[in-house]
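The values are calculated or read from the model by the stated rules, or taken from the named source; none is laboratory data. Everything numeric here is computed off the predicted structure, so don't read it as measured data. Using ideal geometry, Cβ is built from the backbone for each residue, glycine included, and neighbour counts are taken over all protein chains shown.
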Amino acid sequence: MKNRLIGVGMLSVIFSSCVVPHDFDDDDYRPRERARSECAEQAHDRGYRRVDVQSVRSTGRAEWEVTMQARDRSGREIRLRCEYDARARRARLM
């Protein structure tokens, strides 16, 4: 009887953990990584190649500044700066 109660208790814990949804995109669990990926994607969309993120730093509450090194279409090395607003989820390449 005791083993049966332990088994039922373990199954209820296992099944209850499957029911709780976690959507990390909604609560912006990792804003630093999101800033890094959004800014790199923005640089790729503008035609820059070999985008290498140098630094990601917070400039305020929910605001991030990303510094990148990239190559333009002619092959020249260029330093890019991008600002990411975590509240609006927007990256702006400068």
Legend entry - In segment 76-89, the residues that are out of contact with any Leu (no Cβ under 7 Å at 6 or more places or on another chain) and modelled with pLDDT of 90 or more: Arg76, Glu77, Ile78, Arg79, Arg81, Glu83, Tyr84, Asp85
Inset, instruction - For segment 56-70, state whether one or more residues are under 15 Å from Arg34 (Cβ atoms), under 14 Å from the mean Cα position of the chain (by Cα) and outside any strand (DSSP E or B). - result: yes
Legend entry - Pair list, Cβ < 9 Å and 6+ apart or interchain, from segment 32-56 residues that are on the phi > 0 side of the Ramachandran plot to residues that are surrounded by fewer than 12 Cβ atoms within 10 Å (Cβ to Cβ) and outside any strand (DSSP E or B): Gly47/Arg73
Inset, instruction - Return yes when Glu38 is modelled with pLDDT of 90 or more and out of contact with any Asp or Glu (no Cβ under 9 Å at 6 or more places or on another chain) and no when it is not. - result: yes
Legend entry - Subset tally (residues that are closer than 17 Å to Arg30 by Cβ and either in contact with a His (Cβ under 8 Å, 6 or more places away or on another chain) or not hydrophobic (A, V, I, L, M, F, W, C) (or both)) for segment 62-89: 6
Legend entry - Enumeration of residues in segment 1-35 that are modelled with pLDDT under 90, closer than 15 Å to Cys82 by Cβ and not charged (D, E, K, R): Pro31
Inset, instruction - Could you list, in sequence order, all residues of segment 38-66 that are surrounded by 15 or more Cβ atoms within 10 Å (Cβ to Cβ) and among the hydroxyl-bearing types (Ser, Thr, Tyr)? - result: Tyr48
Inset, instruction - Among the residues of segment 43-55, write down those that are within 19 Å of the chain's Cα centre (by Cα), farther than 19 Å from Arg30 by Cα and of a type outside the set (Asp, Glu). - result: Ala43, His44, Val51
